Amino acid sequence: MPAQRITVSDVTPQVDCGRWPAKACVGDRVDVAATIVRDGHETLRGVVRFRRSRARWREAPLESLGNDRFAGSFEVDAVGRWSFEIEAWVDRHAGWLEEHDRKVAAGQDDLAGELAEGAALFGPGSVDDWRKGADELGRRERHGAGRSEALQLDVERERARAGAWYELFPRSWGGLPGVTRVVPELAQLGFDVLYLPPIHPIGRTNRKGRNNTERAEPGDVGSPWAIGGPEGGHDAIDPGLGDEADLAKLVAAVREHRMELALDLALQCSPDHPWLEQHPEWFQHRPDGSLKYAENPPKRYQDIHNFDWDTRDRKGLWHAVRDVVDRWCDAGVTVFRVDNPHTKPVPFWEWLIADVRKRHPGTVFLSEAFTRPAMMTLLAKAGFSQSYTYFTWKNTKPELVELVEQLREWSPFLRPNLWPNTPDILHATLQAGGRQAFECRLVLAATLSPSYGIYSGYEACENVPVRAGSEEYLDSEKYQLRERRLDGQLLPLVRRLNEIRREHPALTGAGVERLTWLETESDHLLGFARTLGDDLVLVVANLDPFAVHEGVCVVPSAFGLGEGFRVVDALTGEAYDWGDRNYVRLGPGKAHVLEVHG
């Protein structure tokens with residue numbers, strides 16, 4: 001029969017009863033808590049034991065929160081898989097002193113029996129002597145100790161949580177050499193990650209024309225996501241963009257300016273991809289034996305063939321993809337934006353990400369899974385560092401609050417990356433709202449989440465759809481060449497927001513779990529505070545791109561700012577004297593990003 005009398009339960013953080021690891025970044029202090037129960041009235045004590053991989057166990061103390069709940073924390077100082085567990089025991093020395101003190105306080109005079117017990121427990125000496133050594137004895141002697149099951153923690157580097165991303169199509173910037181030339185400007189604007197769609201050869205068979213027409217005209221360049229041609233497949237560079245030397249120069253420029261290079265990982269092939277001839281068994285076929293092209297009704301992708309993930313040569317397919325990722329990691333790519341991972345098996349992603357990180361432990365994976373919450377969160381649990389979210393479609397105050405609360409619930413395992421636009425998504429709000437909508441959405445993306453990104457053209461407020469009711473851009477870069485350069489009326493705002501993000505750990509050092517909503521007494525004004533340690537940033541945004549709105553921003557007393565304090569708008573430099581209730585008037589799409597100056 002079990003002799004263990006201490007029960008440790010409800011340990012946090014944990015994901016799905018420990019099936020998946022929780023997430024953290026190097027330098028984080030991980031908060032843990034547990035419910036610890038034992039029969040009787042004994043005094044309990046506990047620690048959290050933690051270690052990286054198979055290193056020696058370390059310990060940090062737990063403090064009682066009352067009602068059998070205990071909490072503590074530990075710092076993670078290296079990338080990799082960590083383990084932690086709770087150990088609890090009866091502190092007989094503290095328990096004896098507590099019982100002794102209660103009896104004295106109650107006026108009991110005859111404590112000879114209790115003192116004899118104390119001497120047997122502590123050794124010779126007085127109660128005062130025993131009290132001095134009780135804490136050390138209570139830590140050392142672990143009477144009746146019990147432990148929880150070990151839980152896992154996936155620790156990544158800071159880029160897995162925070163970064164400002166800029167997406168561009170290299171062919172619109174003069175190929176890889178042209179992209180290299182623009183890197184210093186992107187760095188000056190404060191971007192951390194330069195993200196490139198696929199740079200591989202593009203198929204010619206069934207190539208799409210401009211604006212996604214089914215027939216390409218002579219000179220049409222096709223979609224970069226129709227990967228593979230006579231020049232090679234996923235491991236090759238499109239000769240029209242450059243060569244290995246050009247890529248090496250780009251990687252060197254990115255590193256010199258303390259940025260990182262992200263590459264799209266799209267697991268699909270054009271009809272001209274070498275793998276179709278080399279490994280036809282890897283692809284989906286119709287009953288008549290013909291290759292099946294990709295579809296997402298009503299959309300048809302005749303220029304793309306999907307893999308058959310149930311192929312009998314699963315090992316060959318999985319390893320081939322792994323070798324592709326390794327090839328680009330070896331070339332200097334540190335981040336992968338993964339196209340539609342929700343259409344591939346989750347066990348594959350769990351294996352691939354873990355396997356790649358054995359050789360490239362700092363690799364960051366961004367999931368582009370605009371799909372149902374259950375699948376979006378499952379991919380995050382399986383190892384993806386970050387995820388796109390529904391932010392692109394959330395524009396009203398109730399929608400944004402609902403989104404952030406959802407992300408808060410998912411925060412132990414999912415890190416958001418907020419994008420107001422992508423090459424696939426030009427939301428109606430941007431189409432109709434003009435510059436004011438672009439400004440508001442940019443401020444929200446940059447201040448709600450540690451990671452955010454924009455697709456080139458956003459800074460110029462490009463907002464013309466291919467047709468009414470569509471979210472596709474007119475003359476989309478996905479299907480044709482554009483001549484790009486880094487200009488646009490929003491670049492000063494982009495630069496300033498990225499400066500503010502680097503000045504304030506509250507905006508990048510923690511996720512939405514450290515966000516507090518601020519009452520504004522207006523359905524059009526969204527207010528929130530971001531905190532980390534002593535750093536505090538207050539944000540109030542007018543979500544309406546068409547009208548001025550007024551309200552009252554209520555600052556909770558829990559922030560400890562006192563009856564009056566000064567705030568400075570980091571966007572404009574204007575200063576205001578604030579207190580608990582503060583009048584706010586903002587123009588269409590405008591926002592305050594307020595620093596507290598005491």
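The values are calculated or read from the model by the stated rules, or taken from the named source; none is laboratory data. Keep in mind that what you see is a predicted model, and the values were worked out from it rather than measured. Please note: Cβ atoms are built from the backbone with ideal geometry, for glycine as well, and neighbour counts cover all protein chains shown. Please note that ligands, DNA and RNA were not included when accessible areas were found on the heavy atoms of the full protein model with its side chains. Shrake-Rupley method; radii C 1.70, N 1.55, O 1.52, S 1.80 Å.
Listed here are the residues, each with its yes/no results for (1) at pLDDT 95 or above; (2) assigned to a loop (DSSP other than H, G, I, E, B); (3) out of contact with any Gly (no Cβ under 9 Å at 6 or more places or on another chain).
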| position | (1), (2), (3) |
| --- | --- |
| GLY144 | no, no, yes |
| ARG181 | yes, no, no |
| TYR195 | yes, no, no |
| HIS200 | yes, yes, no |
| ARG215 | no, yes, no |
| ASP235 | yes, yes, yes |
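I'm trying to understand the selection: among the residues of the stretch 414-433, which are closer than 19 Å to TRP20 by Cβ and open to solvent by 20 Å² or more (accessible area, probe 1.4 Å)? Reasoning before the result, please.
Going residue by residue through the stretch 414-433, those that are closer than 19 Å to TRP20 by Cβ are 414-416.
Once the filter is applied, which keeps residues that are closer than 19 Å to TRP20 by Cβ and open to solvent by 20 Å² or more (accessible area, probe 1.4 Å), the stretch 414-433 yields only ARG415.
Just to be sure before I move on: is VAL11 buried (at least 19 other Cβ atoms within 10 Å of the Cβ), at pLDDT 95 or above and part of a strand (DSSP E or B) in the structure I sent?
In short, yes.
Can you report the number of residues in the stretch 450-492 which are hydroxyl-bearing (Ser, Thr, Tyr) and open to solvent by 40 Å² or more (accessible area, probe 1.4 Å)?
Filtering the stretch 450-492 down to residues hydroxyl-bearing (Ser, Thr, Tyr) leaves 451-452, 455-456, 458, 470, 473, 476, 479.
Subset that is open to solvent by 40 Å² or more (accessible area, probe 1.4 Å): none.
Adding up the residues that qualify gives 0.
Being touching a Cys at 6+ places or on another chain (Cβ under 9 Å) and either charged (D, E, K, R) or open to solvent by less than 70 Å² (accessible area, probe 1.4 Å) (or both) is the requirement here; does ILE202 meet it?
Values: touching a Cys at 6+ places or on another chain (Cβ under 9 Å): no; either charged (D, E, K, R) or open to solvent by less than 70 Å² (accessible area, probe 1.4 Å) (or both): yes.
Criteria not met by ILE202.
Go through (1) over 18 Å from ARG495 (Cβ atoms); (2) under 27 Å from the mean Cα position of the chain (by Cα); (3) touching a residue at least 60 places away in the same chain (Cβ under 8 Å); (4) open to solvent by less than 20 Å² (accessible area, probe 1.4 Å) one by one and return the number of the condition VAL593 breaks.
Status for VAL593: all satisfied but (1).
Conditions: (1) open to solvent by 60 Å² or more (accessible area, probe 1.4 Å); (2) more than 30 Å from PRO412 (Cα to Cα); (3) part of a loop (DSSP other than H, G, I, E, B). GLU136 meets all but one. Number of the miss?
All conditions pass for GLU136, except number (3).
Determine whether VAL584 is within 30 Å of GLN431 (Cβ to Cβ), surrounded by fewer than 16 Cβ atoms within 10 Å (Cβ to Cβ) and in contact with a strand residue (DSSP E or B) (Cβ under 8 Å, 6 or more places away or on another chain). Reasoning before the result, please.
Details: within 30 Å of GLN431 (Cβ to Cβ): yes; surrounded by fewer than 16 Cβ atoms within 10 Å (Cβ to Cβ): no; in contact with a strand residue (DSSP E or B) (Cβ under 8 Å, 6 or more places away or on another chain): yes.
No; evaluated as a whole, the condition is false for this residue.
Whether any residue in the stretch 277-300 is of a type in the set (Ser, Thr, Tyr), more than 27 Å from TYR166 (Cβ to Cβ) and buried (at least 16 other Cβ atoms within 10 Å of the Cβ) is what I want to check.
Our first condition is that a residue be of a type in the set (Ser, Thr, Tyr); within the stretch 277-300, this holds for 290, 293.
Next cut, more than 27 Å from TYR166 (Cβ to Cβ) only: 290, 293.
Applying the additional criterion that residues be buried (at least 16 other Cβ atoms within 10 Å of the Cβ) yields 293.
Yes; the residues of the stretch 277-300 include at least one that is of a type in the set (Ser, Thr, Tyr), more than 27 Å from TYR166 (Cβ to Cβ) and buried (at least 16 other Cβ atoms within 10 Å of the Cβ).
With a cut-off of at least 3 residues that are out of contact with any helix residue (DSSP H, G or I) (no Cβ under 8 Å at 6 or more places or on another chain) and in contact (Cβ under 8 Å) with a residue 12 or more places away in the chain, name the strands (runs of 3 or more DSSP E) lying wholly within the stretch 471-579.
Numbers: elements: 515-518, 525-532, 535-542, 549-554, 565-569, 575-578.
Here the list reads 549-554, 565-569, 575-578.
Which is at pLDDT 95 or above, open to solvent by less than 50 Å² (accessible area, probe 1.4 Å), within 23 Å of ALA150 (Cβ to Cβ) and part of a loop (DSSP other than H, G, I, E, B), of ALA71, ALA78, ALA88? Please lay out each step first, then the result.
Working: ALA71 fails: part of a loop (DSSP other than H, G, I, E, B); ALA88 fails: part of a loop (DSSP other than H, G, I, E, B).
After applying the criteria, what remains is ALA78.
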